[in-house]
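Trainee: Dumping the structure here so I can ask a few things about it.
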Amino acid sequence: MICVVRISGQVGLRKDIVETLYRLRLRRKYSCIVIDKPTKEQLGMINKVQDFVAFGEINPETYKKLVEKRKTKIKNFFRLHPPRKGIDSKKHFGVKKGVLGNNKEKINDLILRML
């Protein structure tokens, strides 16, 4: 399962990036979606907006906590809080220590800080 969390707001983004985020159901800052079996189209959309979202492989325990925290069971996205202790930096160019882009397994730590 792939989890995608929107980190950037909407101000100053290009129109095609905003459209792609809307198609991924990431309409607000700190909203999150979980894709069980991503199609190649969904993976292409995630690659297009990788400088504005954090994504990675989510484990079943974190997914279970996400579902438990959600108040309504109907919606297909999650609303999260800003991360506790903040975001170190959204992106470090060349060093790859920022939160944006592919976080692989570290996305679980980020989501737990945002619950």
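Trainee: If you take the residues of the range 37-62 that are hydrophobic (A, V, I, L, M, F, W, C) and either modelled with pLDDT of 95 or more or outside any helix (DSSP H, G or I) (or both), which of them is surrounded by the fewest Cβ atoms within 10 Å (Cβ to Cβ)?
Mentor: Result: Ile58.
Trainee: Next question, about the same structure. Check Lys29 against each of (1) in a loop (DSSP other than H, G, I, E, B); (2) modelled with pLDDT under 90 and name the one condition it does not meet.
Mentor: Condition not satisfied by Lys29: (2).
The values are calculated or read from the model by the stated rules, or taken from the named source; none is laboratory data. Since the model is a prediction, treat every value here as computed from it, not as a measurement. Neighbour counts run over all protein chains shown; Cβ positions are idealised from the backbone, glycine included.
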